[in-house]
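Can you read through this structure? Questions will come right after.
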């Protein structure tokens, strides 16, 4: 059997086919590992950046995780404190400032009307929905400008905000009349 017959034989083609399939399977596996590593690196970096910028909470840790550690990175509710388009800064319920990136495809509504990003103003109360990016920003998909919720007694307040006094009502003294002590 000479070399020419060996290269044209059925056994050589089967071995070559098997090696080709193995190389292809290994390449797909390696690509999956690469994509998985990049995704894990992205989310780890985004989480660390988010914590460094926004999260002032420190507390008890349980197995490396903070208890009640459920930050909302996909949106925010609060007042606009700074506008520098294409980004706006919003102070949320806990007075944590979040940077929101307004893109060309971001839908901005005030009541039923669609408005442009230039129509946003400082002190507007907004609800933002979007996705986080690797710069610890929220890429807004939808922004709703709405009236600020009432802040008087009995109003539903977002968590973390103390009740605000009513400016039309004079402050009431804590204890207007001294009470006598009960006799035993």
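The values are calculated or read from the model by the stated rules, or taken from the named source; none is laboratory data. Note that the coordinates shown come from a computational prediction; the quantities given were computed from them, not determined experimentally. With ideal geometry, Cβ positions are generated from the backbone for all residues, glycine too; neighbour counts draw on all protein chains shown.
What tally of residues in segment 104-141 results from selecting those that are touching a helix residue (DSSP H, G or I) at 6+ places or on another chain (Cβ under 8 Å), assigned to a strand (DSSP E or B) and within 19 Å of residue 46 (Cα to Cα)?
Going through segment 104-141, the residues touching a helix residue (DSSP H, G or I) at 6+ places or on another chain (Cβ under 8 Å) turn out to be 106, 108, 110, 132-136.
Now narrow it down to the ones that are assigned to a strand (DSSP E or B): 106, 108, 110, 132.
Those left that are additionally within 19 Å of residue 46 (Cα to Cα): 132.
Count: 1.
Checking residue 144 against (1) at pLDDT below 65; (2) in a strand (DSSP E or B), which test does it fail?
Only one criterion is unmet by residue 144, namely (1).
Go through 34, 54, 7 for me and flag whichever is surrounded by 10 or more Cβ atoms within 10 Å (Cβ to Cβ), out of contact with any helix residue (DSSP H, G or I) (no Cβ under 8 Å at 6 or more places or on another chain) and at pLDDT 85 or above.
Being surrounded by 10 or more Cβ atoms within 10 Å (Cβ to Cβ), out of contact with any helix residue (DSSP H, G or I) (no Cβ under 8 Å at 6 or more places or on another chain) and at pLDDT 85 or above holds for just one of 34, 54, 7, which is 34.
Hey, can you tell me all the residues within segment 79-103 that are in contact with a helix residue (DSSP H, G or I) (Cβ under 8 Å, 6 or more places away or on another chain) and part of a loop (DSSP other than H, G, I, E, B)?
Scanning segment 79-103 gives 85, 86, 96.
Scan segment 101-117 residue by residue and report those that are surrounded by fewer than 16 Cβ atoms within 10 Å (Cβ to Cβ) and touching a strand residue (DSSP E or B) at 6+ places or on another chain (Cβ under 9 Å).
Selection gives 103, 105, 107, 109, 111, 114, 115, 116.
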